[in-house]
Amino acid sequence: MNLTETVLPDGGATMEGYGMFGMTGLPELMIRFGINMAVILILVRWLYYSTTRRKDYLFTYLLISSVVFLLCYMLESVSLQIGFALGLFAIFGIIRYRTNPMPIKEMTYLFLVIGISVINALTTGTGWTEIVFANVIIVLITIGLEKIWLLRHISTKSIVYEKVNLIVPEKYDEMVADLKERTGLKEIKKVEIGEINFLKDTCRMIIYYEDKGRAVNLADQYGYVKPDDNDDE
């Protein structure tokens, strides 16, 4: 028996014509993978990375997209299409990179990457027009949100503030002026007061300010200041 005459488990039929090294499905795989990679590069390399400069997430998104696409495409012949796609979202929803909390924007891009890869891999019964339309509309919506409607980017900075006499509502403007002078931030939109320690005359606060450069503040991206271990001493 040669490689082109493999016996199937359910009978004596053979897979003649479906050689192990058959090339009949390779052109479609390459076209679909090329479309998928082009869309992913637009989303995560141009839109996401140009804003955040996060190489770790760029690395993750590109690899996850490639692996999910190939995994779905190779298993497309198995009758698990919808259940398998939903299972992928459930797996990543449970894991959620638990070693490090993932910001909501990065989670959204992860959802986009997986969703687009599943669409491009499993829609074998759909015409190319519908597939291209689905990819283009996702890209256009993302561009609209990133580059047009959400141009004003509000960043946060968590600080420990020692002038607790200024945190009262009557002195809010004076406190904001002091924060602008000491931090160098010109556009402070809002200040949230957190825990107050009257023993040390300090309080924790979050400053919301307009970042015209749209850079992500990695040091404070989780919106909190780590509590002191010796607050009670």
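The values are calculated or read from the model by the stated rules, or taken from the named source; none is laboratory data. Please read these numbers as outputs of a predicted model, since none were measured by experiment. All Cβ positions, even for glycine, are placed from backbone atoms using ideal geometry, and neighbour counts span all protein chains on display.
Since ILE137 meets every condition but one in (1) closer than 30 Å to GLY34 by Cβ; (2) surrounded by 16 or more Cβ atoms within 10 Å (Cβ to Cβ), which condition does it not meet?
Of the numbered conditions (1) closer than 30 Å to GLY34 by Cβ; (2) surrounded by 16 or more Cβ atoms within 10 Å (Cβ to Cβ), the odd one out for ILE137 is (2).
Which of the helices (runs of 4 or more DSSP H) contained wholly in the range 25-141 include at least 1 residues that are modelled with pLDDT under 85 and over 30 Å from ASP211 (Cβ atoms)?
Passing ranges, in order: 26-40, 55-74, 81-95, 104-122.
Does LYS226 count as part of a strand (DSSP E or B) and either modelled with pLDDT under 85 or surrounded by 11 or more Cβ atoms within 10 Å (Cβ to Cβ) (or both)?
no
Among the residues that make up the range 172-182, is at least one of them at pLDDT 90 or above, among the hydroxyl-bearing types (Ser, Thr, Tyr), surrounded by 13 or more Cβ atoms within 10 Å (Cβ to Cβ) and in a strand (DSSP E or B)?
For the range 172-182, residues at pLDDT 90 or above, among the hydroxyl-bearing types (Ser, Thr, Tyr), surrounded by 13 or more Cβ atoms within 10 Å (Cβ to Cβ) and in a strand (DSSP E or B): absent.
For the range 139-146, does any single residue satisfy the condition of being over 19 Å from the mean Cα position of the chain (by Cα), touching a residue at least 40 places away in the same chain (Cβ under 8 Å) and not assigned by TED's automatic domain parsing to the domain that holds GLU210?
No, the range 139-146 contains no residue that is over 19 Å from the mean Cα position of the chain (by Cα), touching a residue at least 40 places away in the same chain (Cβ under 8 Å) and not assigned by TED's automatic domain parsing to the domain that holds GLU210.
Does any residue in the range 158-179 that is more than 12 Å from THR202 (Cβ to Cβ) come within less than 9 Å, Cβ to Cβ, of a residue that is loosely packed, with under 14 Cβ neighbours inside 10 Å and of a type in the set (S, T, N, Q) six or more places away or on a different chain, and which pairs are these?
Within 9 Å, the pairs are LYS171/ASN165.
Out of all the residues in the range 185-205, is one or more surrounded by 15 or more Cβ atoms within 10 Å (Cβ to Cβ) and assigned to a helix (DSSP H, G or I)?
Within the range 185-205, not a single residue is surrounded by 15 or more Cβ atoms within 10 Å (Cβ to Cβ) and assigned to a helix (DSSP H, G or I).
Among what's in the range 155-171 and is of a type in the set (D, E, K, R) and surrounded by 13 or more Cβ atoms within 10 Å (Cβ to Cβ), pick the residue that is nearest to the chain's Cα centre (by Cα).
Residue satisfying both the conditions and the ranking: LYS157.
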